[in-house]
Amino acid sequence: MSESREITLTVNGERHLIVVEPRRTLADVLRIDLGLTGTHVGCEHGICGACTVLMDDEPVRACLIFGVQADGSSVRTVEGLAVKGELTDLQQAFSRHHALQCGFCTPGFLMLAEGYLATTPAPDPVAVREMASANLCRCTGYQGIVDAIVEVAEHRFRQRPI
Amino acid sequence: MKPARFDYHRASTTLEAVALIDDLGEEAKFIAGGQSLVPMMNFRLARPSALIDIMHIGDLDSIQRDGDALVVGALTRHRTLETSTDPTLMGGFALLPTAARWIGHTPIRTRGTIGGSLMHADASAEWCMMARLFNAQLRLEGPRGRRTVAADDWFQGMFSTAADFNELLVEIRFTTPRQCGALAEFSRRHGDFATAAVAVAFDVVDDRLCNVGIVIGGVEGVPVRAGEAETLLEGASVGAVDVDGAARSAAAGVAPMESEPREAAYRRHLVDTLTRRAIHDALATGVQ
Ligand SMILES: Cc1cc2nc3c(=O)[nH]c(=O)nc-3n(C[C@H](O)[C@H](O)[C@H](O)COP(=O)(O)OP(=O)(O)OC[C@H]3O[C@@H](n4cnc5c(N)ncnc54)[C@H](O)[C@@H]3O)c2cc1C
Ligand code: FES
Ligand code: FES
């Protein structure tokens with residue numbers, strides 16, 4: 001029905017029951033209905049990647065999914081990274097490597113990278129660059145972004161439980 | 001922009017999906033991964049009255065072997081095909097996972113499906129090219145039962161297929177495995193649809209090329225086969241393949257779209273270059 005529907009979304013571990021119009025994208029559900037404005041919206045046609053979130057652990061474009069399609073799924077956004085204000089290793093590396101300037105693209109890159117590192121523990125810099133090419137950044141020139149992700153990948157690989 | 005209003009339905013079986021669309025009429029649309037449909041809705045280039053979500057139909061997300069043929073469910077996502085590299089399953093179709101990697105980027109491939117791509121029927125889409133290269137049979141389920149359409153008859157013009165509005169694409173059967181294959185593409189920005197693309201596949205028997213297929217994407221309104229170039233390569237000995245002749249013949253054989261001046265000549269030039277590249281790369285896959 002074009003009238004609103006009730007959906008269940010687990011966002012950053014918290015379960016939400018929300019009533020949404022079918023035409024509301026997941027990006028807008030997060031931003032408008034849940035007030036989680038860390039997920040940014042740039043192009044709304046899948047090109048820029050600013051809206052990238054993890055849906056059932058996989059990176060997706062939140063602007064290309066309707067909230068009703070996501071009913072029942074589990075979503076992770078940039079707000080779910082830092083614990084009690086303590087930035088994650090990846091966020092700290094972004095800061096250290098000047099992987100952000102205006103920061104508009106950063107939530108998308110962070111979620112893209114988290115999704116990627118979870119399935120690719122020891123990527124080489126070429127693979128990281130290929131993966132990062134999914135998203136656009138108008139400020140940094142990408143080098144800092146790639147450096148930050150490569151550094152964290154190497155660090156996490158060394159620290160992994162054996 | 002934001003999309004126009006629509007009704008949303010979820011189908012859990014093929015029959016239910018077909019019954020729903022037959023009932024709702026031509027203004028309704030199926031939605032699979034949404035990676036082509038949702039951008040068009042966000043731009044309001046598409047304003048379906050209703051969407052029927054088919055992603056919860058359980059049995060259409062699979063890759064199986066049936067003798068020589070590789071049978072892929074329509075809801076199989078690009079990402080699943082990209083990561084299906086098991087040689088016992090993919091033998092003769094090793095080009096499919098490679099081709100998947102050319103589709104957009106990972107966050108597109110985690111959602112988009114092979115069926116959606118074939119229904120969207122972009123002339124440069126990797127799955128559209130692969131369907132022609134490996135002589136796919138596409139199975140449709142409609143209100144009057146099922147039917148099968150060969151890839152050669154599937155593409156009816158730009159973004160248009162042989163499927164009726166109330167038919168669901170359920171299965172893609174790639175029928176002709178080949179030992180060697182390669183895909184060469186050009187696009188101005190990494191991850192975009194190709195400006196032009198050429199896919200080549202063949203077997204090598206007694207040191208000679210056979211079952212040669214060459215498909216050109218993005219140049220005409222539908223993916224086309226380079227028949228003359230195929231004939232030229234058929235039977236050629238591996239050490240003396242007339243790459244030059246095949247490339248020139250492929251380029252001469254296409255009728256490129258031209259929306260800007262000199263675009264046709266440019267696309268022809270791309271076909272020539274990409275055909276060379278694809279033949280060389282395909283020969284190299286045979287050496288390994
Ligand atoms: C940024 C970006 C880059 C891209 N780059 C590429 C690229 O390089 N190469 C490429 O090939 N594609 C590319 N795509 C498109 C992508 O591959 C889509 O996933 C694909 O074209 C459509 O598949 P889908 O499952 O998302 O279909 P949807 O968007 O859900 O549907 C597309 C159309 O097919 C119909 N449909 C879907 N499934 C069925 C079915 N089983 N039976 C009947 N009708 C059906 C729908 O009604 C709709 O009309 C890109 C997309 C984006 C956003
Ligand atoms: S806003 Fe989703 S990809 Fe640009
Ligand atoms: S930091 Fe400004 S767009 Fe990336």
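Ranking A:VAL152, A:GLN92, B:LEU45 by how far each Cα lies toward the positive end of the dipole of the protein assembly as shown (charges on Cβ) leaves A:GLN92 at the top.
Overall, the protein assembly as shown carries a charge dipole of about 880 debye about its Cα centre when +1 sits on the Cβ of Lys and Arg and -1 on the Cβ of Asp and Glu, all other atoms neutral. Other residues with beta-carbon under 12 Å from the beta-carbon of B:TRP102 carry, at +1 per Lys or Arg and -1 per Asp or Glu, a net charge of -3.
For the residues B:ASP122, B:ASP164, B:ASP272, a GNM of chain B with alpha-carbon springs under 10 Å puts the largest fluctuation on B:ASP164. Extent along the principal axes, Cα only, for segment B:7-53: 31, 19, 13 Å, with the longest axis given first.
Counting Cα-Cα pairs of segment B:62-174 in 5 Å increments starting at 0 gives whole-percent bin shares of 2, 13, 24, 27, 19, 11, 4, 1.
Within 10 Å, Cβ to Cβ, of B:PHE6, how many net charges do the neighbouring residues add up to if Lys/Arg are +1 and Asp/Glu are -1? Around B:PHE6, the charge tally is +1.
Treating segment B:1-137 as a set of equal point scatterers at the Cα positions, no solvent, please give the Debye-formula log₁₀ I(q)/I(0) at q = 0.10, 0.13 Å⁻¹. With no solvent term, the Cα-only Debye profile gives -0.35, -0.59. For the Cα atoms of chain A, what angle does the longest principal axis make with the long axis of helix A:143-159, in degrees from 0 to 90, nearest 10? So the inclination is approximately 80 degrees.
Remark on A:CYS48: its backbone amide H falls under 5 Å from those of A:CYS43, a criterion applied only to residues 5 or more positions apart or on other chains, H modelled at 1.01 Å from N. Any idea how far the Cα center of segment B:149-164 sits from the one of segment A:62-82, in Å? About 35 Å separates the Cα centre of segment B:149-164 from the one of segment A:62-82. Angle of helix B:14-24 to the longest C-alpha principal axis of chain B, folded into 0 to 90 degrees and rounded to 10: 60°. Database remark: amide H of B:GLN156 closer than 5 angstrom to the amide H of B:THR161, B:ALA162 (H placed geometrically; neighbours at sequence offset of 5 or more, or on other chains; Pro and chain starts carry no H). Note on chain A: Rg/Rh from C-alpha atoms, Kirkwood Rh, equals 0.99. Rg and Dmax of the protein assembly as shown, based on Cα coordinates, read 22.8, 68 Å. In chain B, the longest principal axis of the Cα atoms and the axis of helix B:263-287 are about 70 degrees apart.
What whole number of Å gives the distance from the Cα centroid of segment B:187-266 to the Cα centroid of segment A:96-150? Going from one Cα centre to the other spans 36 Å. How would chain B be classified by its alpha-carbon gyration tensor: rounded, prolate or oblate, with rounded meaning a/c under 1.5 and the a/b versus b/c comparison settling the rest? The shape class here is prolate. Among the GluC sites (Glu not before Pro) in segment B:195-280, those placed in a DSSP loop whose Cβ has at most 12 other Cβ atoms within 10 Å are B:GLU258. Relative contact order for chain B: what percent, with Cα pairs under 8 Å and sequence separation of 6 or more? Computed over chain B, the figure is 15 percent.
Here r is the Cβ-Cβ distance between B:ASP23 and B:ARG147 and R0 is 22 Å; the resulting FRET efficiency, rounded to 0.05, is 0.60. Across segment A:89-159, the mean sequence separation of Cα contacts (distance under 8 Å, 6 or more residues apart), normalised by length, yields a relative contact order of 52 percent.
Amide H to amide H distances under 5 Å link B:ALA150 with B:LEU138, where only residues 5 or more positions off or on other chains count and H is placed in the peptide plane. Take the Kirkwood radius over Cα pairs of segment A:89-159, plug it into Stokes-Einstein at 10 °C and 1.306 mPa s, and you get 135 µm²/s for translational diffusion. Shown in residue order for segment B:126-135 are the 3J(HN,Hα) couplings computed by the Karplus curve 6.51 cos²θ - 1.76 cosθ + 1.60 at θ = phi - 60°: 4, 5, 5, 5, 5, 4, 6, 5, 9, 6 Hz (x for Gly and Pro). For chain B, excluding the exposed loop sites themselves (chymotrypsin sites (Phe, Trp or Tyr not before Pro), DSSP loop, at most 16 other Cβ atoms within 10 Å), the longest remaining stretch covers B:166-288. Listed values for segment A:33-44 are Karplus-derived 3J(HN,Hα) couplings in whole Hz (6.51 cos²θ - 1.76 cosθ + 1.60, θ = phi - 60°), namely 7, 10, x, 8, 8, x, 6, 8, 10, x, 9, 6, and x replaces Gly and Pro.
Within 10 Å of the Cβ of each residue in A:59-70, the mean number of Cβ atoms contributed by other protein chains is 6.
Extension gain for B:MET257 to B:CYS210 (0.36 nm times residue separation, less C-alpha to C-alpha distance): 13.9 nm. Per-residue Karplus couplings for segment A:112-121, computed as 6.51 cos²θ - 1.76 cosθ + 1.60 with θ equal to phi - 60°, are listed in order as 4, 5, 4, x, 5, 5, 5, 10, 10, x Hz, Gly and Pro entered as x. The dipole here belongs to chain A: it is taken about the Cα centre, uses +1 on the Cβ of Lys and Arg and -1 on the Cβ of Asp and Glu, and is about 260 debye. B:LYS29 exposes around 100 Å² of accessible area when a 1.4 Å probe is run over every protein chain in place.
In this Cβ point-charge picture (+1 for Lys and Arg, -1 for Asp and Glu), segment B:16-82 has a dipole of about 420 debye about its Cα centre.
The values are calculated or read from the model by the stated rules, or taken from the named source; none is laboratory data. Nothing here was measured: the structure is a model prediction, and the numbers come from that model. For neighbour counting, all protein chains shown are included, and Cβ atoms are generated from backbone atoms with ideal geometry for every residue, glycine included. Note: areas computed on protein heavy atoms with side chains; ligands, DNA, RNA excluded. Shrake-Rupley method; radii C 1.70, N 1.55, O 1.52, S 1.80 Å.
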